[in-house]
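A.B. asks: The structure's right below; bear with me while I get my questions together.
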4 protein chains.
Amino acid sequence: MSLLRFCFRKNFFVFRSSVGVGCFSREISTQQTKKLDLRGIFPPITTPFTSKGSIDFEKLSKNMKRWNEIPFKGYVVQGSNGEYVYLNTSERIDLVRRVAHLANDKLIIAGSGCESTAVTIELTRKMASAGANCALVITPSFYKGAMSNASFKTHFLKIADDSPIPILLYNVPVNTGLDLDPNIILELADHPNIVGLKDSGGDISKIGNLVFATKNKDFQILAGSAGFLYPALMMGCVGGICALANAMGKELCDLQLLYEQGKHEEALELQQKLIAPNTAVTRKYGVAGLKQAMEWFGFHGGPPRLPMLPLNREQITELKKEFTTRGFKV
Amino acid sequence: MSLLRFCFRKNFFVFRSSVGVGCFSREISTQQTKKLDLRGIFPPITTPFTSKGSIDFEKLSKNMKRWNEIPFKGYVVQGSNGEYVYLNTSERIDLVRRVAHLANDKLIIAGSGCESTAVTIELTRKMASAGANCALVITPSFYKGAMSNASFKTHFLKIADDSPIPILLYNVPVNTGLDLDPNIILELADHPNIVGLKDSGGDISKIGNLVFATKNKDFQILAGSAGFLYPALMMGCVGGICALANAMGKELCDLQLLYEQGKHEEALELQQKLIAPNTAVTRKYGVAGLKQAMEWFGFHGGPPRLPMLPLNREQITELKKEFTTRGFKV
Amino acid sequence: MSLLRFCFRKNFFVFRSSVGVGCFSREISTQQTKKLDLRGIFPPITTPFTSKGSIDFEKLSKNMKRWNEIPFKGYVVQGSNGEYVYLNTSERIDLVRRVAHLANDKLIIAGSGCESTAVTIELTRKMASAGANCALVITPSFYKGAMSNASFKTHFLKIADDSPIPILLYNVPVNTGLDLDPNIILELADHPNIVGLKDSGGDISKIGNLVFATKNKDFQILAGSAGFLYPALMMGCVGGICALANAMGKELCDLQLLYEQGKHEEALELQQKLIAPNTAVTRKYGVAGLKQAMEWFGFHGGPPRLPMLPLNREQITELKKEFTTRGFKV
Amino acid sequence: MSLLRFCFRKNFFVFRSSVGVGCFSREISTQQTKKLDLRGIFPPITTPFTSKGSIDFEKLSKNMKRWNEIPFKGYVVQGSNGEYVYLNTSERIDLVRRVAHLANDKLIIAGSGCESTAVTIELTRKMASAGANCALVITPSFYKGAMSNASFKTHFLKIADDSPIPILLYNVPVNTGLDLDPNIILELADHPNIVGLKDSGGDISKIGNLVFATKNKDFQILAGSAGFLYPALMMGCVGGICALANAMGKELCDLQLLYEQGKHEEALELQQKLIAPNTAVTRKYGVAGLKQAMEWFGFHGGPPRLPMLPLNREQITELKKEFTTRGFKV
């Protein structure tokens, strides 16, 4: 393990001795100077559980096998659809290790955000050791009143400084109740180890403005939902991290391809048809709904961990309709 | 246009004779059979006031003269940027009459929404008599708890039934604190006298889904803000009613043209540059900011009515920056 | 009519000539120097309508006759339960005149708040002429983003300056979506023509703190709901303007009496029993529910104006339970 | 101690053998049949940190020594003021063990709520083993959309079933963005191992109604803030778990005593004076503000863990004023 690390920031070199908090079995590399290409679709993979509630690695392996056939750019392990708040630390790291092992050469983005700055740094380093190429760091949100711009800035800069892998900012107001200020995002975009933003807020104006304002920076923005993937691409996003990709990954890769080929009519039609199913497996029925839908598309979904409840019969019927009325057979 | 129409509702037939749009001196006419083409850009015009606080028709006239040179599809009189909640009934009708007179042959959409269903109907009929081609009807919102889907449905159906001109639904959560349920919009879209929706909420997924779901209906959706005009057009909206068009109407018409010509790169760049100025004259500084910006672009803005305050010096400086940093000279 | 008026504010005299905007038949008095005693219970009376939708003055008269037997301190005409947003200006003034006529010598507080400062002033003067002793002025709320503390301060100071009767501030976040800043309330409390605050927000800490901070000012605070009347009195409020008083006025006057007599156990029990019925006729079922409940207590409620809908059968059954499970026969 | 446990629920007896999931060094006891007396004041103690960021047990010990001289009923370890979301599991358990050791014979209520039901159960059992007399269980809140009443019911019932110590429900909307439905609270109140509720929402009507509705149940409600302690006691709460008690514990115990002695005038005055300081160390400046204020009252506060920032100089000056203007020397 390297005890010394060079950190380039704001036109001067900082020379630090690192005691390598919580990182094992893998050299902590020199800090990145970005250039991680995130163009493409990433499913924020769900975590399958056995009937007794432990992680079902066999089912995970089967899902991975099928997902690997889809032209995904990579996988997000422990985005909010991964039920990461229900996993303990060793489960979280273990899961990343397994997925990295099964992912062929696709990118692994691991969710490592915690409420505490120090714990996030520690977990980020462990995720890197476990094979993650990038860390997805959510805004802390428990102390909403205290999460000022200054707090967020301190949090993300410290993590970016200390992380051996690039950081992807994660803004998801529906879960956190907070919306990261564009001005802070712009400041953070200058850090050599912050590669981009996953924005699940869906404010297309905010996204478009951020794309414009970071045009000359090495900063990539990804749509956080399939519900606005096409307009987000049109506004300059480089791809999407979309819950729906767990079940309909091929369709989402197709959508990005249609966009790239300039086939706007086809792209529009596909996008429009995906909105209702997407809303159903996100806002409306959440992870339990997404896992249910995965079953219909040949993947292993299964029940979420408690207190999240699986859908009841009536909800399943309703969910099914959201797909069939848009022409998808389930 | 069909002069006779059968309207089936509530288990009995109503038989009406239609004398067509924009009817004066009263005979209230027959319900429309839609087919009002709303494709294009509409400024929701601001209302200039004299230093004593009355409507300044001279300045209005000068603004209209310049606006008429821009390829707008029409004018919205008394959208939320018109300070209509600060006008009394006779001012409201008078204003529509004047604008209709000055508008050459452009469409006049008049805001006629009030809290009460009956008062809205009465005002809508007066707006029609004053020359409006279409009525923009906002969701009532004072009794938020009571504004159920059933209430909204009753409200809009009664107004549509009794209005001599087509109705455009108006959803503007930032002012009303309410977001009209897509399911209700879909039901209302079937009414022969409801032509469309102005959605200012900016949820591009909701908009895209509504476009898809009303594909086979005679129903048009307009973006309610310049901040997401281009993605809204990409998602199937027919145009926009955009505050910013008061000051930068030409740019917005250009944007729609670029979209229609398939010049996506240019459209994207223009759209991206317009977001920050647009946010500044809407969310950030509101009508007072918009009126200030109008002055920079050669229009008469002037102060809003109290309790809305004009911008102070510091705010004006900040506002100016939002334009200049995006390359617009002000 | 007096053309001259002295207005004392902030250590200097302002000498104005008044042209008496919109006030008739009654001399506009010199501005109040407060001292209007608001101690007690006020029902914010509902407005009964005939089956054709006009104000039913006969039923109003019958309600007034029964209400007059209850030891109310006065009446609030056109609080939010009066459906004032569904009344036109002449209805509003007419209603105040009738109630003033029927109120024996009880206080008349008339809701005169509009979105515009000027229109509010005009209506307040008309309300005074119609017999109101005090004007209840709600926070304007349509342009939520523009309603800064500076806007509110300007609004209320101008109205207070120009009103012939004292002003009672009205903070009702559930309808307006805005919560008046305590610091602004404290500043306004110094004005000689602002007598107090009706706070319907229900934040008992805020209320207690305001009572403390205005201790040495001539400023009275009234609870805006029966749901927290007793704790509000305990915290120093002088009374309540409570929707529930339309139906259960005697009980609310009893509650204040028990409090004043220091009979805390009885007061507590009564208060506790009133919460569920109160919630039902406010937050849960609104004015339509309140009007329904009035029928059970011997008053004329009747349907609200559209778009507010009367309760359906199922809702009536549910509403009834909220009273019976608390021991009230309906 | 019995390894078997009878659990009475839903009209039949369940006979279970317990294998003691995740609990060491202490036998899991028979399920409680409530009767834990929570009457009184509890500080939700802050966690002091060393300059290097680890828990400062020496300072904790000094704080405990002083707190023990105040007539508190007990201590809450790892309420939201304890920065528990910044502590890892072993720190959490260790902290409870230390406090239990230092608390003389006062009650220990330990915060054991996590997002996952299973993890909460495991931690609750560990907390019990570490010396906690009661567990404070917050509503999970990350998946806001999925936290239905059914989810909450399942969550709390499972925890209550499996916990060796009584459960205190914890509703704190300002942190969680969720407000626990009163109907669910009423259902949960019937469980023999759920002793009460800490409500920090501050809706005094909701609290009063819950007190009434649980009158014949063995269920105690505690005010979650000093800002409404007195009215909450007046409405039937048994005490308070109040952030401010960290700094001004004596005053809060005095307030409850004044209430119990029926000295309402003195109680009112004290309550009113405490609101502004309380708001300052909760809503306004949060845990960082509370820790700062503790220093002025002779306790060890110190900095919070990142990303929470200590107050800056200007904020400290502002905070100080909130105490001095209410007559408290700091």
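A.B. asks: Out of B:A276, B:A110, B:A223, any idea which swings most in a Gaussian network model of chain B, alpha carbons joined below 10 Å?
C.D. replies: Comparing B:A276, B:A110, B:A223 in the GNM, the peak value goes to B:A276.
A.B. asks: Taking a label point 7 Å out from Cα toward Cβ, give me the nm distances from D:T317 to the same spot in the other copies, shortest first, one decimal.
C.D. replies: Copy-to-copy label distances for D:T317: 2.1, 6.5, 6.7 nm.
A.B. asks: Give or take rounding to whole Å, what are the principal axis extents of the alpha carbon atoms in chain C, in descending order?
C.D. replies: Projected onto its principal axes, the Cα set of chain C covers 59, 46, 40 Å.
A.B. asks: Same structure again: About the Cα centre of the range C:157-308, how large is the charge dipole given +1 on each Lys and Arg Cβ and -1 on each Asp and Glu Cβ? Please answer in debye to the nearest 20.
C.D. replies: 420 debye
A.B. asks: What residue of chain D sits with its beta carbon nearest the rotation axis taking D to A, and at what distance in whole Å?
C.D. replies: D:G177, 2
A.B. asks: How large is ³J(HN,Hα), in whole Hz, for each residue of the range A:224-229 in order, when computed from phi with the Karplus curve 6.51 cos²θ - 1.76 cosθ + 1.60 and θ = phi - 60°, using x for Gly and Pro?
C.D. replies: With coefficients 6.51, -1.76 and 1.60, one gets x, 7, 6, x, 9, 4 Hz.
A.B. asks: With charges set only on the Cβ (+1 for Lys and Arg, -1 for Asp and Glu), what does the dipole of the protein assembly as shown come to about its Cα centre, in debye to the nearest 20?
C.D. replies: 40 debye
A.B. asks: Sticking with this one: Given Cβ point charges of +1 (Lys, Arg) and -1 (Asp, Glu) and nothing else, what value in debye, to the nearest 20, does the dipole of the range B:172-247 about its Cα centre take?
C.D. replies: Working: 4 positive and 7 negative charges, 43 e Å.
For the range B:172-247, the charge dipole is close to 200 debye.
A.B. asks: Quick query: amide H of D:G196 versus all other amide H atoms, modeled in the peptide plane; which residues come in under 5 Å with a sequence gap of 5 or more or a different chain?
C.D. replies: HN-HN under 5 Å from D:G196: D:L169, D:Q220.
A.B. asks: While we're here: Ordered by residue, what ³J(HN,Hα) values in Hz, to whole numbers, does the range D:192-199 give under the Karplus form 6.51 cos²θ - 1.76 cosθ + 1.60, where θ = phi - 60° and Gly and Pro are x?
C.D. replies: Once rounded to whole Hz, the list reads x, 10, 10, 8, x, 9, 9, 10.
A.B. asks: Report Rg (one decimal) and Dmax (nearest whole number) for the range D:222-330, counting Cα atoms only, units Å.
C.D. replies: Both quantities, over Cα of the range D:222-330: 14.0, 44 Å.
A.B. asks: Could I ask something else about it? In nm, one decimal, shortest first: how far is the label point of D:D105 (7 Å from Cα along Cα to beta carbon) from the matching points in the other copies?
C.D. replies: Copy-to-copy label distances for D:D105: 6.5, 7.2, 9.7 nm.
A.B. asks: Can you list the residues, at least 5 places off or on another chain, whose amide H is less than 5 Å from the amide H of B:G40, using H built in the peptide plane?
C.D. replies: Distant-sequence amide H within range of B:G40: B:G239, B:G240.
A.B. asks: 5 Å is the cut-off here: which amide hydrogens, built 1.01 Å from N in the peptide plane, fall below it relative to B:A135, excluding neighbours closer than 5 in sequence?
C.D. replies: Under 5 Å from the amide H of B:A135: B:A110, B:I167, B:L168.
A.B. asks: Just tell me which aspartates and glutamates come within less than 16 Å, Cα to Cα, of A:K206; anything on the same chain fewer than 8 places away is out.
C.D. replies: Here the aspartates and glutamates satisfying the reach criterion relative to A:K206 are A:D179, A:D181, A:E187, B:D203, B:E269, B:E322.
A.B. asks: Taking a quarter of the surface of the Cα convex hull of the range D:83-170, what do you get in nm²?
C.D. replies: 5.5 nm²
A.B. asks: Based on the alpha-carbon gyration tensor of the range D:252-309 and its eigenvalue square roots a ≥ b ≥ c, which shape applies: rounded if a/c is under 1.5, prolate if not and a/b is larger than b/c, or oblate?
C.D. replies: prolate
A.B. asks: Also, quick follow-up: Most fluctuating residue of C:H300, C:H264, C:H191 in a GNM of chain C with Cα springs under 10 Å: which is it?
C.D. replies: With Cα springs under 10 Å in chain C, the top fluctuation among C:H300, C:H264, C:H191 is at C:H264.
A.B. asks: Could you pull the Cα extents of the range C:228-284 along its three principal axes, largest to smallest, in whole Å?
C.D. replies: 31, 20, 18
A.B. asks: What lysines does C:K65 reach when the alpha-carbon gap must be under 20 Å and sequence neighbours fewer than 8 apart in one chain are set aside?
C.D. replies: List returned: C:K73, C:K106, C:K250, C:K291.
A.B. asks: What ³J(HN,Hα) values, in whole Hz, does the Karplus curve 6.51 cos²θ - 1.76 cosθ + 1.60 give for the range D:41-47 when θ = phi - 60°, with x put for Gly and Pro?
C.D. replies: 9, 10, x, x, 5, 7, 10
A.B. asks: Mind telling me which of C:L102, C:L309, C:L255 comes out most flexible in a GNM of chain C, alpha-carbon contacts under 10 Å?
C.D. replies: Answer for the Gaussian network model of chain C: C:L309.
A.B. asks: Quick check of the Kirkwood formula: for the protein assembly as shown, what is the inverse mean of 1/r over all pairs of different Cα atoms, in Å? Numbers along the way, then the final one.
C.D. replies: On the way: mean 1/r = 0.0300 Å⁻¹.
Answer for the protein assembly as shown: a Kirkwood hydrodynamic radius of 33.3 Å.
A.B. asks: If you don't mind, there's one more thing I want to ask. Quick one: compute the contact order of the range D:26-273, relative version, from alpha carbon pairs under 8 angstrom and 6+ residues apart, as a percent.
C.D. replies: On the way: 462 pairs, mean separation 50.9, N = 248.
After rounding, I find 21 percent.
Coordinate-derived values only; no laboratory data. Computed from a prediction, not measured in an experiment: that's the story for all the values here. A quick note on method: Cβ atoms are made from the backbone with ideal geometry, for glycine too, and the neighbour counts reach across all protein chains shown.
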